[in-house]
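Q: This is the structure I have questions about; it appears just below.
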Amino acid sequence: MSPKFLLPLLSFLSLALCTFASNPNPSLTAYDELNRTGFPIGLLPSGVVSYSLNLTSGDFAVDLADHCRVTLPPDNYLAVYSKRVTGKLVDKKISGLDGIRVRAFFRWWSISAIRSTGDDLVFEVGVASAKYPAKNFFETPDCEGHNGKKASS
């Protein structure tokens, strides 16, 4: 094979391998991936339109149809999801989380990490953290004010 054909072939193979590592099973949903990795599906609201997960690095991106507001159990905190949520999923921990904010104690906090510790989830906001039973997140919350669902506040 001629060297001038070798470079495009290698580039194509590299791209194909990266694509496979990022999306090994296109029939799985983002909710399936949460379950597969030990997290409840209720960490994501309804309205996920696409996601990518790099199995090598753990980097992920979840795209929602629109910004989303939900009320999180059990303390009824208001949470806002951006149209894109990103982070890194490794060993029952979601770190470097970007795109989820929660209103607590009269201010907005960015959730930076979530750890699964068996029956509990630990949400990290900077140096503070809060632990909640994972069972509170077994159901996917609907975005408030979308499609005639819960009313906006």
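Q: Report every pair of residues separated by at least 6 positions or lying on different chains whose Cβ atoms are under 8 Å apart, first residue within region 29-42 and free of Cβ contacts under 8 Å to residues at least 12 places away in the same chain, second in a helix (DSSP H, G or I) and surrounded by 14 or more Cβ atoms within 10 Å (Cβ to Cβ).
A: Leu34/Ile41; Leu34/Leu43; Asn35/Ile41
Q: Check off (1) farther than 23 Å from Ser52 by Cβ; (2) free of Cβ contacts under 8 Å to residues at least 40 places away in the same chain for Lys93 and give me the number that stays unchecked.
A: Only one criterion is unmet by Lys93, namely (1).
Q: Follow-up question, since we're still on this one. Within region 55-89, track down each residue that is farther than 16 Å from Leu44 by Cβ and touching a residue at least 60 places away in the same chain (Cβ under 8 Å).
A: Pro74, Leu78
Q: If you don't mind, there's one more thing I want to ask. Considering only region 25-75, give the strands (runs of 3 or more DSSP E) lying wholly within it that have at least 3 residues that are out of contact with any helix residue (DSSP H, G or I) (no Cβ under 6 Å at 6 or more places or on another chain) and farther than 19 Å from Ala113 by Cβ.
A: 68-72
Q: Of the conditions (1) out of contact with any Lys or Arg (no Cβ under 9 Å at 6 or more places or on another chain); (2) surrounded by 14 or more Cβ atoms within 10 Å (Cβ to Cβ); (3) without any contact (Cβ under 8 Å) to a residue 24 or more places away in the chain, Ala104 clears all except one; give me its number.
A: (3)
Q: Next question. Filter region 38-94 down to residues that are polar (S, T, N, Q) and under 10 Å from the mean Cα position of the chain (by Cα) and give me whichever is nearest to Ala134 (Cα to Cα).
A: So, considering only residues that are polar (S, T, N, Q) and under 10 Å from the mean Cα position of the chain (by Cα), the one nearest to Ala134 (Cα to Cα) is Thr86.
Q: Also, I was wondering about something else. Out of all the residues in region 128-143, is one or more assigned to a loop (DSSP other than H, G, I, E, B), free of Cβ contacts under 8 Å to residues at least 40 places away in the same chain and of a type outside the set (Ser, Thr, Tyr)?
A: So far as region 128-143 goes, no, none of its residues is assigned to a loop (DSSP other than H, G, I, E, B), free of Cβ contacts under 8 Å to residues at least 40 places away in the same chain and of a type outside the set (Ser, Thr, Tyr).
Since every read-out is calculated from the coordinates, none of them should be taken as a lab result. These figures come from a predicted structure and were not determined experimentally. Every residue, glycine among them, receives a Cβ derived from its backbone with ideal geometry; neighbour counts consider all protein chains shown.
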